[in-house]
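Worksheet: the structure to be examined is printed underneath.
The values are calculated or read from the model by the stated rules, or taken from the named source; none is laboratory data. A quick note: this is a predicted structure, and the numbers were derived from the prediction, not measured. Every residue, glycine as well, gets a Cβ built from its backbone with ideal geometry; the counts of neighbours run over all protein chains shown. Calculation scope for accessible area: heavy atoms of the full protein, side chains included, ligands and nucleic acids excluded. Shrake-Rupley method; radii C 1.70, N 1.55, O 1.52, S 1.80 Å.
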Amino acid sequence: MNIRERMASIQLFTDHDANYPEEAAALAKARQRGKALCYEINRMHPDDTEGRLKLMKELFGSMGENVWMEPPICMAYGSNTTIGNGVYINFNLTVIDDYKVTIGNNVMFGPNVTIAVTNHPLHPDVRRAGGMFALPVVIEDDVWIGSGAIIVPGVTIGKGSVIGAGSVVTKNIPANVIAVGNPCRVLREMTERDKDYYYKDMRVDEVQW
């Protein structure tokens, strides 16, 4: 079983496996490509939106329409992350995408969000050998991830949910809820009132909207 097959089967792997030198070299090349594209994106002039969009399409595995990203961004590969339509990415998104990261349509990221699909064994004797494992992360349509949130391997966040700022998401979050904290827990379900009030007692003005 090669490195990619072990990733897909949730087995321990190392990205420099001497038994598969060609594949290890290819993975290293893919990581370097992702880092180089992030570097180019991060050093572009803010006015060069067309140039940034072109490099974003090269960076991600796939990307929909009307995606906006505020640099800087940091990714392990980029090519293992797919992004839907209408996604907004604020400053300092970090994605450790050794394996699959799926971001749906109309997802919003606050600043300083981290997504990681990769983890390491707990015992130092096992870690010392460089072993790791990866689990996919899925963020479904219409999710809003608050500033400074951390999403760990294997998590799915359900459609329409909101993750509070600074939360550490360690388990699946259902659809249409507000979830906060460390570890992140469901605070409450989304309600009809949330359509009428956008913050505390501040009402949505339907004429302006």
Is it the case that some residue within region 138-153 is among the hydrophobic types (A, V, I, L, M, F, W, C), at pLDDT below 95 and either in a loop (DSSP other than H, G, I, E, B) or under 20 Å from residue 73 (Cα atoms) (or both)? no
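For every residue, the table says whether it meets (1) closer than 30 Å to residue 117 by Cα; (2) surrounded by fewer than 15 Cβ atoms within 10 Å (Cβ to Cβ); (3) among the acidic types (Asp, Glu).
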| position | (1), (2), (3) |
| --- | --- |
| 166 | yes, no, no |
| 169 | yes, no, no |
| 174 | yes, yes, no |
| 177 | yes, no, no |
| 192 | no, yes, yes |
| 196 | no, yes, yes |
| 202 | no, yes, no |
Name the residue that is farthest from residue 56 (Cα to Cα), counting only residues in region 113-149 that are open to solvent by 40 Å² or more (accessible area, probe 1.4 Å) and of a type in the set (Ser, Thr, Tyr). 147
Report yes if some residue within region 95-112 is touching a helix residue (DSSP H, G or I) at 6+ places or on another chain (Cβ under 7 Å), at pLDDT 95 or above, under 23 Å from residue 154 (Cα atoms) and open to solvent by 40 Å² or more (accessible area, probe 1.4 Å); otherwise report no. no
Picking from 25, 36, 18, the residue that is modelled with pLDDT under 95 and either assigned to a helix (DSSP H, G or I) or more than 28 Å from residue 128 (Cα to Cα) (or both) would be 25
Here are some residues: 200, 195. Which one is on the phi < 0 side of the Ramachandran plot and out of contact with any Lys or Arg (no Cβ under 8 Å at 6 or more places or on another chain)? 195
